[in-house]
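See structure below.
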Protein chains: 2
Amino acid sequence: MAFMTENPPKKPSKSDRTRAQILEAARLLFAEHGYEGTSIRDVAAHASIDPAMVIRYFRSKDELFARAAVVDLKLPALRVIDRNAIGETLIRRFLEIWEGPASGPGMAILLRSATSNEFAAEKLRDVFGNQVRPVIAAAADPADAGRRAGLVSSQLLGLAMCRYLLRLPPVVALSHDEIIQNVGPTLQRYAVGEA
Amino acid sequence: MAFMTENPPKKPSKSDRTRAQILEAARLLFAEHGYEGTSIRDVAAHASIDPAMVIRYFRSKDELFARAAVVDLKLPALRVIDRNAIGETLIRRFLEIWEGPASGPGMAILLRSATSNEFAAEKLRDVFGNQVRPVIAAAADPADAGRRAGLVSSQLLGLAMCRYLLRLPPVVALSHDEIIQNVGPTLQRYAVGEA
DNA sequence: TGCATTTGTCAACGACCGTTGGCATATGGC
DNA sequence: GCCATATGCCAACGGTCGTTGACAAATGCA
């Protein structure tokens, strides 16, 4: 067997480069065209490699998608957030995640395929259950953290859909300041506003 | 040529029934599994008919999808809406569209496929440009109606995604009253709130 | 009853898909 | 240089897809 999946500390071997190229091409294409709209052959062509190699490095298309669709929102630690600025904090982090240089296209990959691919949908539900909900739960009564996190998610997810996937012109045209000033208060009310 | 597409006033002929059955099956499946996830053979099986008939009645899968993806939000006429209750009016109509018995699955069809099918995306942009925007434009300064309609759309589209497509549990659990009380004020502010 | 038109079934086509196994080439330790 | 291994290409498989054309059954008018 020729796979040593877990960290062998030193080995930037030849294969690791192509492996990374394949994964990068896959993340790009999955983010842009979704799971069904991206073929193994497309990924291979983008990585300048034979389709068979994609299968050799990742065992199947499903496994490749799973490797490509990892998301870490890196939301601010629970106690660092100012309760009175949680709305602004969330929307600022949102813009970094979707437009900042550091973050990859992980969320785009999930959101693009979540409507027609159950694995992506489940993964997206996990993100909001394990990464968004805890932040809200730490800032307000944990009893209705689910309700509040759900409302926050609906606004953020809708904004992402309109701005980055559907590319609704007036939403694309919004400046960062406009988004912060308009959506920030909404999130603030959803997260910690009156019951 | 055997198609008389435009109203021949009296003819509930045999074919019109199967034609309707095919369209109904298509709307159901497109709404549930999206464009790429629904095959002509699936539609035919659901309509208890041969796949070739689907092509004979509608000329191609694209044309079938176009016929299935018609949407009329039937938003209240421009001057009937109370400016101070436009948020509540919009969210109530939203719930009727998505859960009421009268409205079909038109929006679900569009939203389900909009992330991976450019035709559906364009159609959805049309809906918000031709049906949502005018309502907002009539209620506030038409100059920034685009911005306001975009914000309204982001919230409504996100709520639909979370509740009906992604089925995020805490959002599914929301009662109609909770939705109206929480999302209504958001839409009110987006539509006519302070600049 | 005859016959033309409609309505439906069946088999097959070419294309694309994910995936596989065999075979060539390059690499790197001995 | 020798050879095991890693890396890569190629051709093909079985399957599903949208779509087509030929043919059978039903329908309705003369």
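The values are calculated or read from the model by the stated rules, or taken from the named source; none is laboratory data. Everything quoted here is computed from the prediction, not taken from an experiment. Cβ placement follows ideal geometry from the backbone for every residue including glycine, while neighbour counts extend to all protein chains displayed. Only protein heavy atoms, including side chains, enter the accessible area calculation; ligands, DNA and RNA are left aside. Shrake-Rupley method; radii C 1.70, N 1.55, O 1.52, S 1.80 Å.
Laid out as a table, the results:
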| read-out | value |
| --- | --- |
| Positions within the stretch B:125-141 being within 7 Å of chain A (Cβ to nearest Cβ) and either in contact with a Gly (Cβ under 6 Å, 6 or more places away or on another chain) or under 19 Å from B:P76 (Cα atoms) (or both), in sequence order | B:F128 |
| Selection within the stretch A:45-57 - surrounded by fewer than 18 Cβ atoms within 10 Å (Cβ to Cβ) and among the hydroxyl-bearing types (S, T, Y) | A:S48 |
| Where B:G34 falls short, out of the listed (1) surrounded by 15 or more Cβ atoms within 10 Å (Cβ to Cβ); (2) without any contact (Cβ under 8 Å) to a residue 60 or more places away in the chain; (3) in contact with a helix residue (DSSP H, G or I) (Cβ under 6 Å, 6 or more places away or on another chain) | (2) |
| Filter result for A:S116 (free of Cβ contacts under 8 Å to residues at least 24 places away in the same chain, more than 15 Å from B:G158 (Cα to Cα) and open to solvent by 10 Å² or more (accessible area, probe 1.4 Å)) | no |
| Helices (runs of 4 or more DSSP H) contained entirely in the stretch A:63-138, each with at least 2 residues that are out of contact with any strand residue (DSSP E or B) (no Cβ under 6 Å at 6 or more places or on another chain) and more than 28 Å from B:G37 (Cβ to Cβ) | A:86-99 |
| Flag for B:D42 being open to solvent by less than 100 Å² (accessible area, probe 1.4 Å) and either farther than 27 Å from B:A191 by Cβ or within 16 Å of DNA strand C (Cβ to nearest atom) (or both) | yes |
| Filter result (open to solvent by 60 Å² or more (accessible area, probe 1.4 Å) and modelled with pLDDT under 95) within the stretch A:168-194 | A:E194 |
| The lone exception for A:D177 - which of (1) assigned to a helix (DSSP H, G or I); (2) within 11 Å of chain B (Cβ to nearest Cβ) it fails | (2) |
| Candidate set: the stretch A:142-167, residues that are free of Cβ contacts under 8 Å to residues at least 12 places away in the same chain and open to solvent by 10 Å² or more (accessible area, probe 1.4 Å); chosen: the one nearest to the other protein chains (Cβ to nearest Cβ) | A:R147 |
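Quick grid of which residues meet (1) crowded, with 16+ Cβ neighbours inside 10 Å; (2) more than 29 Å from A:R133 (Cβ to Cβ); (3) free of Cβ contacts under 8 Å to residues at least 12 places away in the same chain:
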{"residue": "A:L29", "(1), (2), (3)": "yes, yes, no"}
{"residue": "A:V70", "(1), (2), (3)": "no, no, no"}
{"residue": "A:R83", "(1), (2), (3)": "no, no, no"}
{"residue": "A:I91", "(1), (2), (3)": "yes, no, no"}
